[in-house]
Amino acid sequence: MNNERKIRVYECFYFRIRNLICNNISKKPFSLVFGMVAISTIMAISSGCKLIENLHPELVKRGEEFPGSKECGDCHVDIYNEWVESSHSKSYTSEEFRVATNNYEFKFCIRCHVPETIFTSLEVDSDKTAISLPEPENGEIEPRDYNLNDGVDCHGCHLTVDCTLAGPHSGISPHPIEKKEELYKSSELCGKCHVDTFEEYLTYVGNGNDETCQDCHMPAVMRKLIQDEPWQKLHVKKEGKAHVFSSLSALKINKDFIALAFTGINEENNQIKGNVEILNSKVNHSIPTGKYGYREVLLLINLTDNFGGIIKSRQESMFVEMGTQLKPGEKKTYSFEFDVDGDNGVKELEAVLFRTNFDRTKKTLLAKVELELGTLQNLQ
């Protein structure tokens, strides 16, 4: 640490600890004790001591010496709680993955569902400023054989080849850290595992839409990186990302990323016919996307009665494997024709687009449009 940086670190935390002591000295004697300890620690840091950085060396250990993401959650409480509920934490234990890999026999899949680290073969410059993720010599991320139930764990995205924990921010930490802001704000990070989607993204990004994977799937938050006492008092709120890795968060951010509309509706001779148009207007990858696992997007075109019951229905499926996915900027048109028997309570048309699994027990709504009938004739 150069002299200028030492001075900045000392001044910053000196005034923070001084304010902490002044505000609490009459309330809790511990505040004074903690302040003295903190100031001593800061002086040690400013002189080049690694006291703080080596408090928890196990957090940067490779292999079974790493205690697991739960220990990271002792300090990073909010991030850990988000990750626990995410698909990343369940990437290995989910029943869908177990079945899809024939009870984990397909080893090729394991490497990204329980990666040791995406930095396995990262070429790091001597000044540690490199952000590129070149292909490993064998073309694969190394899978781990420990803490399997953690799926894509903290190490998977944050442990570097020189055993530091990388992220978009720097700061005081009980383990070695390394700031790689540009990388962690880039889709390249996610593309290390989501290769096919990332290649597709590179084809379409820049056409008026430069959103990254993180922009849609990791909503922005303003908070402290840690919540553990008393260390959180040494931190200020910073702009970060919620670790939810969710398509649902993308839907909340871009509610109209798919345009769904009825066109050419005609009601005559006891028939209702027309078209449903679908436009992928705001996403830089196909819907659905990815080549592995069961990924289906289903369109339902329903004719309903006054009570919402379905009288007639038509469905269309979209798959990457069949080349029927909705590509960025692409518009698809599906025609329909329903026969109706006189006045049977027909009320409206509805088109519903959702992502689903193999047995269609899980449905994520992507878009929906409704059109009341009876008052429209030959809608073009």
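The values are calculated or read from the model by the stated rules, or taken from the named source; none is laboratory data. All values derive from a computational prediction rather than experimental measurement. No Cβ is skipped: glycine too gets one built from the backbone with ideal geometry, and neighbour counts run over all protein chains shown.
How many residues are part of a loop (DSSP other than H, G, I, E, B) and either free of Cβ contacts under 8 Å to residues at least 60 places away in the same chain or over 18 Å from C112 (Cβ atoms) (or both) if we restrict to the range 152-199?
17
Is there a residue in the range 342-360 that is in a loop (DSSP other than H, G, I, E, B), among the β-branched types (V, I, T) and either surrounded by 11 or more Cβ atoms within 10 Å (Cβ to Cβ) or at pLDDT 90 or above (or both)?
no
List the residue pairs whose Cβ atoms are under 7 Å apart, where the first residue sits in the range 102-117 and is of a type in the set (S, T, Y), the second is surrounded by fewer than 19 Cβ atoms within 10 Å (Cβ to Cβ) and not in a loop (DSSP other than H, G, I, E, B), and the two are 6 or more positions apart or on different chains.
That search, which allows pairs on different chains as well, returns Y104/R98.
Considering only the range 227-244, I want to know if a residue exists there that is closer than 25 Å to L326 by Cβ, under 18 Å from the mean Cα position of the chain (by Cα) and assigned to a helix (DSSP H, G or I).
No - not one qualifying residue is present in the range 227-244.
Tell me whether the range 321-338 contains one or more residues that are modelled with pLDDT under 90 and among the aromatic types (F, W, Y).
Within the range 321-338, none of the residues are modelled with pLDDT under 90 and among the aromatic types (F, W, Y).
Mind listing whichever residues of the range 72-96 are touching a Lys or Arg at 6+ places or on another chain (Cβ under 8 Å) and among the charged types (D, E, K, R)?
Listed by number, the list holds a single entry, D78.
Surrounded by 12 or more Cβ atoms within 10 Å (Cβ to Cβ), in contact with a Phe, Trp or Tyr (Cβ under 8 Å, 6 or more places away or on another chain) and of a type in the set (S, T, N, Q): does that describe N302?
no
Please find, within the range 98-119, the residue that is farthest from G151 (Cα to Cα) out of those that are touching a Phe, Trp or Tyr at 6+ places or on another chain (Cβ under 8 Å) and not in a loop (DSSP other than H, G, I, E, B).
A100
Within the range 148-166, can you find the residues that are at pLDDT 95 or above and on the phi > 0 side of the Ramachandran plot?
Correct list: G151 only.
When residues of the range 283-336 are filtered for being of a type in the set (A, V, I, L, M), under 22 Å from A250 (Cα atoms) and without any contact (Cβ under 8 Å) to a residue 24 or more places away in the chain, how many remain?
Going through the range 283-336 one residue at a time, the tally reaches 0.
Regarding the range 306-328, can at least one residue be identified that is acidic (D, E) and not in a strand (DSSP E or B)?
Yes; the residues of the range 306-328 include at least one that is acidic (D, E) and not in a strand (DSSP E or B).
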